[in-house]
Amino acid sequence: MRVRLEVPATSANLGPGYDSYGLALDIVDTLTLTVHDAAVDPDRCVEVTGESADVLPRDRSHLIMRIIGEVLESEFPDVAAELSPRLSLECVNRIPHSRGMGSSAAAVVAGIGLAAELGAWSTGAELSRDRILEIATAVEGHPDNAAPAIFGGLTVSLSAPVKSWQVPVRTLETVTVLVPSFRLDTEVARGLIPAGIDHAIAADNSARAGLLVHGLSNDAQVLFEATRDQLHQEFRRSAYPDSMALVDSLRAEGLPAVISGAGPTVLVLAEDVPETLVPAGFVAQRTAIDLGGYRVSREN
């Protein structure tokens, strides 16, 4: 049996929606999981092409394979021992790694989704997408990237209890990402944010987060005001000065630009960015908003 799954890149925060807002992008990783008739070599059970193919492991320590094994053990223990040794995985990676575009969340969601398909195939029991979000949040620590990877489109999520809501996006069909050549570890970026925020700043950010939903669903003209953030971007400026300089220059031109997730990619909630505004070291990519979340098909 072979399962094929496509999972989208995501952009979290979108300015003021720290750790809660996420948007799915039509840049997808494609994973193909094969259940063989007999056990496969555990040290050579993964093939990787594309992004980070030269550094990712080829054995069962690969993140997606590890997540598959853990989910089978916890959710489908009766079939875990039978299936796990017989699995091989092919990965075609298109989502940039360590750029703030949800590559780790995509891998986690892919692993859970593939395990869910195996469980349904073996037992007939299915994992709901709400349950998949709960598991992904437990692994990731927060649902902002996992939710849009699962459900698609714009999502607003809570961490405790874990819940997510889709918000219809009517004012945009495509956005622009400006991806730099350099990378940034998410934990480094998170470590720069202070533990406390002034109430006036929090109130302003809350208002803009609400305005952002209105802007994406009803009135694109407010997106510039709605994307101004005071919770995380400025505190992280030292970690990605070139990205923040780009955000500053784009916003000076009236474009609703923000840091994508923990950075250093820059997201612009607009279909086009003039080439003259794209500095050396960044690649601009226009991408559609992915409305469906991860997609899976099965071959027996």
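The values are calculated or read from the model by the stated rules, or taken from the named source; none is laboratory data. From a predicted model like this one, the values you see are computed outputs, not experimental measurements. Here the Cβ positions follow ideal geometry from the backbone for every residue, glycine too, while neighbour counts run over all protein chains shown. Keep in mind that these areas ignore ligands, DNA and RNA; they rest on the heavy atoms of the full protein, side chains included. Shrake-Rupley method; radii C 1.70, N 1.55, O 1.52, S 1.80 Å.
With the contact rule set at Cα under 8 Å and sequence spacing of 6 or more, what percent relative contact order holds for region 219-297?
Here the relative contact order equals 23 percent.
Treat each spin label as a single point 7 Å out from the Cα along the C-beta direction, and report the HIS97 to SER181 distance in nm.
Computed distance between label sites HIS97 and SER181 equals 1.9 nm.
Please compute P(r) over all alpha-carbon pairs of region 45-190, binned at 10 Å starting from zero, and give each bin as a whole-number percent.
Taking every Cα pair in region 45-190, the percentages come to 11, 36, 37, 15, 2.
Where the only charges are on Cβ atoms (+1 Lys, Arg; -1 Asp, Glu), what is the dipole of region 1-107 about its Cα centre, to the nearest 20 debye?
Taking the Cα centre of region 1-107 as origin, the dipole is about 240 debye.
For region 248-300, evaluate the Debye formula with one uniform point scatterer on each Cα (no solvent term) and list log10 I(q)/I(0) at q = 0.26, 0.28 Å⁻¹, rounded to two decimals.
-1.19, -1.32
Evaluate the relative contact order of the chain (contact order divided by residue number), counting alpha-carbon pairs under 8 angstrom at least 6 apart; express in whole percent.
26 percent
Can you give the accessible area of HIS214, probe radius 1.4 Å, in Å² rounded to 10?
Accessible area, nearest 10 Å²: 80 Å².
Place a point 7 Å from Cα of VAL167 in the direction of its Cβ. Which residues in region 9-25 have their backbone N less than 14 Å from it?
Backbone N within reach: 11-24.
Give, to the nearest whole percent, the P(r) tail of the chain beyond 24 angstrom, counting all Cα pairs.
51 percent
Pick out, in residue order, every one of the GluC sites (Glu not before Pro) in region 127-181 that is DSSP loop and has at most 15 other C-beta atoms within 10 Å; say none if there are none.
GLU173
Please report, to two decimal places, log10 I(q)/I(0) for region 188-285 at q = 0.10, 0.12, 0.22 Å⁻¹ as given by the Debye formula with identical point scatterers on the Cα atoms and no solvent.
Cα-only, vacuum Debye calculation for region 188-285: -0.28, -0.40, -1.22.
With a point put 7 Å past each Cα toward its Cβ, work out how far PHE224 is from ILE193 in nm, to one decimal.
It is 2.7 nm.
At what distance in angstrom do the alpha carbon centres of region 1-48 and region 67-112 lie from each other?
Value for the Cα centre distance between the two parts: 7 Å.
According to the Cα gyration tensor, what semi-axes, each the square root of 5 times an eigenvalue, does the equivalent ellipsoid of region 1-129 have, listed from largest to smallest in whole Å?
The three semi-axes for region 1-129 are 26, 18, 11 Å.
With +1 on each Lys and Arg Cβ and -1 on each Asp and Glu Cβ, how big is the dipole of the chain about its Cα centre, in debye rounded to the nearest 20?
160 debye
Treating the Cα atoms of region 123-245 as identical point scatterers in vacuum, please give the log10 of the normalised Debye intensity I(q)/I(0) at q = 0.19 Å⁻¹, two decimals.
Evaluating at q = 0.19 Å⁻¹ gives log10 I(q)/I(0) of -1.40.
What nm distance separates the two modelled labels at ASN300 and ALA245, each placed 7 Å from Cα along Cα→Cβ?
If labels sit at ASN300 and ALA245, their model points lie 6.0 nm apart.
For the chain, modelled as a Gaussian network with Cα springs under 10 Å, which listed residue fluctuates most, ALA138, ALA24, ALA115?
Maximum fluctuation in the GNM of the chain, among the listed residues, is at ALA138.
Can you tell me, using C-alpha contacts under 8 Å and at least 6 residues apart, the relative contact order of region 6-147 as a whole percent?
31 percent
Computing the accessible area with a 1.4 Å probe over protein heavy atoms, can you report the carbon and sulfur percentage for the chain?
Taking all protein chains in place, the chain shows 50 percent carbon and sulfur surface.
Determine the per residue accessible area of the chain with all protein chains present and a 1.4 angstrom probe, expressed in square angstrom.
About 43 Å² of surface per residue is accessible.
Report, in cubic angstrom per residue, the convex hull volume of the C-alpha atoms of region 1-46.
110 Å³
ALA125 to ASP59: FRET efficiency via 1/(1 + (r/R0)^6), r the Cβ-Cβ distance, R0 25 Å, to the nearest 0.05?
Computed FRET efficiency for ALA125 and ASP59: 0.30.
Report the gain in length on full extension from SER206 to ASP26: 0.36 nm times residue separation, minus Cα-Cα distance, nm rounded to one decimal.
62.0 nm
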